[in-house]
Amino acid sequence: MVDPKLATVLNVNDDDANRYLVNRILEMAGFKVLEAATGMAALLMAEQHRPDVIVLDVKLPDISGYEVCERLRANPGTAAMAVLHTSATFVTSDKKVRALDGGADAYLTQPFEASELIATVKSLLRLRHAEQAARLRAEELAEMDRRKDEFLAMLAHELRNPLAAIMTAIGILERKPADDPKESRMRGIIQRQTHHLARLVDDLLDVSRITRDRVELRLSRVDLLAVLQQVLQVARPMAESRGLGVEVSLPREPLWVHADATRLEQVFTNLLDNASKYTDGGHISLRVEHEGVDGSAKAVVRVKDTGIGIPADVLPYIFDLFAQADTSLERSRGGLGIGLTLVRKLVRMHGGEVHAFSDGPGRGSEFVVKLPLLHEVAVPADSGKGTDTRRNGRRILLVEDNSDARQAMRDLLELWGHQVAVAPDGLQGLALALTQSPELALVDIGLPGMDGYRVAEELRSRVGQRIRLVAITGYGGPEGHDRALRAGFDRHLVKPVKPDELDRLISTL
């Protein structure tokens with residue numbers, strides 16, 4: 001129920017008798033009543049007193065009630081007020097339509113019964129209160145969503161720091177032969193599970209971006225086969241460690257697509273990881289074909305397994321958020337139920353399509369991705385292709401506040417033959433960079449005192465381009481990438497960085 005004692009009504013009418021009558025009806029019903037005799041006075045009263053409902057006569061001496069209503073709606077301070085149009089003359093349907101189209105919430109023709117007026121005003125109050133509640137709820141949800149995004153970003157940062165230390169440490173161990181087969185297996189387990197954790201962190205953040213439609217692509221000319229070869233370097237050992245055969249069929253000629261290579265890698269890593277995870281015995285296969293010609297040409301990538309299959313009632317929803325093929329209580333397959341949602345979103349953003357097929361439980365699954373091929377694309381010239389651009393013994397500054405990550409990264413860089421200076425915060429890092437003149441600086445972003453962005457800005461202002469700067473951060477996303485480049489960084493890497501990826505980067509900078 002609406003309490004009239006808590007509501008204010010502005011009554012606007014140039015006829016003294018009618019205005020007095022409406023005032024008395026509203027006051028006797030318990031409303032607080034304000035009054036105005038002209039349109040301009042009504043606008044001023046509405047701005048000053050913010051009534052809940054305005055009973056607005058159409059015919060006024062200065063401006064019409066229609067115009068008053070339009071001005072009320074155009075003003076953000078008065079736009080939410082409920083407006084009840086009234087008229088003492090014969091009203092045709094077109095006038096009612098004009099009033100309602102102009103922003104009025106209801107329309108009454110005089111003479112009207114007191115009960116009809118009170119019931120209409122109360123109805124408008126209920127509507128206004130419901131709108132206010134909905135608006136407040138929307139604001140609360142928006143604030144909760146903002147806090148959730150902040151939490152996820154911080155969670156990712158906190159998870160990526162220890163993952164970076166683990167991945168770097170295992171990168172060092174891999175370069176030393178293991179005499180004990182058990183030790184070698186343990187290294188493999190640590191490496192695979194670290195990669196898996198890193199993927200889960202990325203997926204967790206990406207699903208937030210997808211729900212807000214904030215996923216961005218960094219498009220360039222990409223050889224799809226090169227992306228798939230990169231994915232297979234990780235996916236094949238994982239599948240073989242589960243005792244699965246891996247069959248691969250790739251064309252000999254490059255397949256050029258206009259794409260974000262990192263996002264495509266994410267797509268096919270998800271599909272191959274799922275194929276391996278949901279297959280207990282048998283094999284998985286990756287087959288790539290060329291379909292169509294000229295402008296309609298497409299690359300068709302098929303990922304097939306002999307695994308648990310997909311039930312017919314689940315298949316239509318397999319790409320939906322949080323959908324799971326394995327719904328058993330033990331959840332032995334793991335996963336968050338967001339990987340395939342990411343796959344569909346990213347494939348569609350590339351102008352492609354993805355479909356899932358299965359003959360049912362126990363009969364395997366197949367996922368088919370189709371991507372448009374570039375038409376008449378020349379292979380880019382690369383004069384340095386096939387040559388070793390590595391420069392050994394470089395002077396590198398590492399600025400990292402996580403002690404384990406700092407030590408592991410230092411050991412890895414020194415193992416590669418570089419001279420490494422380290423700093424635990426931005427101020428010390430800046431001082432070392434200015435006194436020791438390193439060729440390259442690897443700088444964490446989330447540093448105490450002076451963050452990595454400020455370190456980069458200071459170095460660029462003081463030493464210019466004489467130093468190469470690489471941001472290595474636990475904060476992912478396009479926003480961080482763009483801000484890093486604006487601050488002066490040459491590259492932006494998200495933790496955990498694969499040792500091989502870091503080695504290649506250092507070799508080319």
Check: If one takes the longest principal axis of the Cα atoms in the chain, at what angle in degrees, from 0 to 90 and to the nearest 10, does the Cα axis of helix 16-28 lie?
Finding: 60
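Taking all protein chains as present, what is the carbon and sulfur share of the accessible area of the chain, in % to the nearest whole number, probe 1.4 Å?
On the chain, the fraction of accessible area on carbon and sulfur atoms equals 52 percent.
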Item checked: Counted charge near Gly281, where neighbours are those whose Cβ lies closer than 11 Å (Asp, Glu -1; Lys, Arg +1) -> -1
Checklist line | Integer Hz, Karplus 6.51/-1.76/1.60 couplings in order for region 56-64, x for Gly and Pro | finding: 10, 6, 6, 9, 10, x, 9, 10, 6
Notebook entry, point to check: What is region 455-509 by shape, rounded, prolate or oblate, if you read a ≥ b ≥ c off the alpha carbon gyration tensor as root eigenvalues and call it rounded for a/c under 1.5, prolate for a/b larger than b/c, and oblate otherwise?
Noted result: oblate
Check: Taking θ as phi - 60°, what are the ³J(HN,Hα) couplings along region 258-269 by the Karplus curve (6.51, -1.76, 1.60), each to the nearest whole Hz, with x for Gly and Pro?
Finding: 8, 7, 9, 4, 5, 5, 5, 4, 5, 4, 7, 5
Note to self: Nothing charged except the Cβ atoms of Lys and Arg (+1) and of Asp and Glu (-1): what's the magnitude of the dipole of the chain about its Cα centre? Round to the nearest 20 debye.
What the structure shows: 1080
Checklist line | For Leu493, distant residues with modelled amide H under 5 Å away | finding: Ala471, Ile472, Thr473
Note to self: Can you sort Met144, Met81 by solvent-accessible area, 1.4 Å probe, largest first?
What the structure shows: Met144, Met81
Checklist line | Among Pro499, Ala88, Gln110 - extreme Cα towards positive end, dipole of the chain, charges at beta-carbon | finding: Pro499
Note to self: Which of rounded, prolate or oblate describes region 1-124 when judged by the alpha-carbon gyration tensor and an a/c cut-off of 1.5?
What the structure shows: rounded
Checklist line | Under-5 Å amide H pairs with Gly446, H placed in peptide plane, nonlocal only | finding: Gly452, Gly474
Check: Karplus couplings for region 402-417 from phi (6.51 cos²θ - 1.76 cosθ + 1.60, θ = phi - 60°), rounded to Hz, Gly and Pro as x?
Finding: 7, 4, 5, 5, 5, 5, 5, 5, 4, 4, 5, 5, 5, 4, 7, x
Next item on the list: Set Lys and Arg Cβ to +1 and Asp and Glu Cβ to -1, take the dipole of the chain about its Cα centre, and tell me which of Val455, Gly362, Pro237 lies farthest positive.
Entry: Pro237
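Which value, in Å², gives the accessible area per residue of the chain when a 1.4 Å probe is used on the protein heavy atoms?
51
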Note to self: How much of the DSSP bridge set in the chain is antiparallel, in percent, rounded to the nearest 5?
What the structure shows: 40
Next item on the list: Hey, can you grab everything whose amide H is under 5 Å from the amide H of Asp62? Only 5+ residues off in sequence or another chain; H modelled, so Pro and N-termini drop out.
Entry: Gly39
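Dipole magnitude of region 1-128 about its Cα centre, charges +1 at Lys/Arg Cβ and -1 at Asp/Glu Cβ only, in debye to the nearest 20?
With Lys and Arg at +1 and Asp and Glu at -1, about 340 debye.
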Check: What residue among Met45, Leu56, Ser276 has its Cα farthest toward the positive end of the dipole of the chain, where the charges are +1 on Lys, Arg and -1 on Asp, Glu, each on the Cβ?
Finding: Ser276
Margin query: Taking Kirkwood radius over Cα pairs in Å straight from the coordinates, which label in [x] 28.4; [y] 23.5; [z] 25.0 is the correct one?
Written below: [x]
Next item on the list: Would you please name the trypsin sites (Lys or Arg not before Pro) within region 464-500 that are DSSP coil residues with at most 14 other C-beta atoms within 10 Å of their C-beta?
Entry: Arg466
Item checked: Mean Cβ count within 10 Å, highest first, over the residues of peptides 104-113, 420-429 -> 420-429, 104-113
Checklist line | Crossing angle, helix 452-463 versus the chain [Cα axis fit, 0-90 degrees, rounded to tens] | finding: 70
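The values are calculated or read from the model by the stated rules, or taken from the named source; none is laboratory data. Just so you know, these numbers come straight off a predicted model, no measurement behind them. Using ideal geometry, Cβ is built from the backbone for each residue, glycine included, and neighbour counts are taken over all protein chains shown. Areas reflect the complete protein model, heavy atoms only, side chains present, ligands, DNA and RNA absent. Shrake-Rupley method; radii C 1.70, N 1.55, O 1.52, S 1.80 Å.
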